[in-house]
Amino acid sequence: MQQRFLNALLVALIASFGISGDPARAQAQTTPKVQPGEGRPYEIVDSEVWDVPDPVSGRGYQVFIALPPSYAKQPRQRYPVLYVTDADYAFPIVRQLGRRLNVEGPQIEEFILVGLSYAKGEDGAVSRQRDYTPTPNGPSTAPANAVHGQARAYQEYLRNQVKPFIAARYRADPARTIFLGHSYGALLGMQILFTEPGLFSGYILGSPSLWYDKRHALKLEASYAKQNRDLKANVYLYVGAYEALRTGVRRYNQTVDMVADNQALETALQSRKYPSLKLKSAVLNDEDHLTVAPRGFTQGMKYLLSAH
């Protein structure tokens, strides 16, 4: 009787792990995490949020973290880290794109994703126009009380606070850190690239606001070239085809030609013949400033994090 009970119990246990007693199969059939429900906010599963304030400015910032799928199973592996600006928008998109690219086999390396938040308690526009711009000379369309030009201070915050926090807490590969920014975020990336290029090993710079303050970023590039004979970085530039200037033509830009600016930057960098620079630039067809980012993110990750 007791043996019959034990046999029945064993059958029940095997059934609870799947239709076979294979432990590997049992592990594969884990229960997916579910959303909390009852009208509560949607959560991005397997993500973390940490407060990483800036002691210099006194502002509170957060970092959003998504670890690669194999992170827990590979305790000795170190991973490249992808830092994305405008995290409220870019973090969930890049997280899902990174996973989807590998659904049918690895196209890109797994990576630690770090989303860089806006300052706590601030509207995103306030944070980004202050933290991502290189000079106080903002566009004439900005509100009169808008603050611009503190990108250097934010760059120091990334160097002195965010990167050490990530390095201390996660198995990050110190030689593989990638910056991703779009629009003003890419303008910040330009400043870092031409003043402290070694802060990141790679840069995905989308629709960069090169028009800002009379093309200040292009002046930074020229200044860097006068003082340096090499630029050790892997750079992917993208812009939408409809970001060209076509006054009066719907969907095209009406005030600045971001395609021409991007091509000017590409030409300048190619002319320097830096031995260590790897550069790819793309004008993505049928995209404008508001639609191009997800496609640019995808292509940038495939270029800088290719698994092949």
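Only Cα sites of segment 181-271 enter the Debye sum here, all with the same form factor; the resulting log10 I(q)/I(0) across q = 0.23 1/Å is -1.18, listed in q order. Helix 293-304 and the longest principal axis of the Cα set of the chain meet at an angle near 80°.
Loop-located trypsin sites (Lys or Arg not before Pro) across segment 224-298 with a Cβ neighbour count of 16 or fewer within 10 Å are Arg229, Lys232, Arg246, Arg250, Arg251, Lys273, with loop assigned by DSSP.
Ordering Ile204, Ala222, Tyr242 by Cα displacement along the dipole of segment 197-246 toward the positive end leaves Ala222 in first place; charges were set at the Cβ atoms of Lys, Arg (+1) and Asp, Glu (-1). Note on the chain: with charges restricted to the Cβ of Lys and Arg (+1) and Asp and Glu (-1), its dipole about the Cα centre is near 720 debye. Taken along the Cα-to-beta-carbon direction at a fixed 7 Å, the label points for Arg171 and Glu104 span 3.0 nm.
Ranked by solvent-accessible area (1.4 Å probe, protein heavy atoms only, all chains present), the residues Glu43, Glu48, Glu221, Glu38 order from largest to smallest as Glu38, Glu43, Glu48, Glu221. Here the Gaussian network model covers the chain, with springs between Cα atoms less than 10 Å apart; of Gly198, Gly138, Gly58, Gly58 fluctuates the most. The residues packed around Arg78, meaning those with a beta-carbon under 10 Å from its beta-carbon, carry a net charge of +2 if Lys and Arg are +1 and Asp and Glu are -1. Heavy-atom surface analysis with a 1.4 Å probe gives the chain a carbon and sulfur content of 53 percent of its accessible area.
Note that the chain presents 54 Å² accessible area per residue, ligands and nucleic acids not counted, probe 1.4 Å.
Remind me, relative contact order of segment 140-232 in percent, using alpha carbon pairs under 8 angstrom and six or more residues apart? Rounded, it is 24 percent for segment 140-232. Using a 7 Å offset from the Cα along the Cα-to-Cβ direction at both Gln35 and Tyr89, what is the distance between the two label points in nm, to one decimal? Inter-label distance under the simple model: 2.3 nm.
Relative to the dominant Cα principal axis of the chain, helix 87-100 is inclined by about 50°. Calculated translational diffusion coefficient of the chain (20 °C, 1.002 mPa s; Stokes-Einstein with Kirkwood radius over alpha-carbon pairs) equals 100 µm²/s.
Net charge dipole, segment 177-308: roughly 300 debye, given to the nearest 20, about the Cα centre with Cβ charges of +1 for Lys and Arg and -1 for Asp and Glu.
Please list, in order, the residues from segment 106-138 whose amide nitrogen is less than 11 Å from a point placed 7 Å along the Cα→Cβ vector of Tyr71. Of the residues in segment 106-138, 111-115 have backbone N under 11 Å from the label point off Tyr71.
Here is how the number arises for the chain: DSSP H runs of 4 or more residues each give -39500 (n - 2.57), the sum is divided by the residue count, and the result at 222 nm is -11000 deg cm²/dmol.
To the nearest ten degrees, helix 2-16 and the longest principal axis of the Cα atoms of the chain are 20 degrees apart. With K and R counted +1 and D and E -1, the other residues having a Cβ less than 11 Å from that of Arg128 yield a net charge of -4.
Sorting His308, His289, His148 on solvent-accessible area from highest to lowest, probe radius 1.4 Å, gives His308, His289, His148.
Magnitude of the charge dipole for segment 236-301, about its Cα centre and with charges confined to Cβ atoms of Lys, Arg (+1) and Asp, Glu (-1), is about 220 debye. Which residues does the label zone of Ala146 cover in segment 237-273, counting backbone N under 18 Å from a point 7 Å along Cα→Cβ? Correct set: 253-258.
Across the chain, Cα pairs under 8 Å and at least six residues apart give a relative contact order of 14 percent.
For segment 60-153, what percent of Cα pairs sit more than 16 Å apart? The calculated P(r) of segment 60-153 puts 63 percent of pairs beyond 16 Å.
The values are calculated or read from the model by the stated rules, or taken from the named source; none is laboratory data. Computed from a prediction, not measured in an experiment: that's the story for all the values here. We place every Cβ from the backbone using ideal geometry, glycine too, and count neighbours over all the protein chains shown. To get the accessible areas, we keep the full protein, side chains included, count just its heavy atoms, and leave off ligands, DNA and RNA. Shrake-Rupley method; radii C 1.70, N 1.55, O 1.52, S 1.80 Å.
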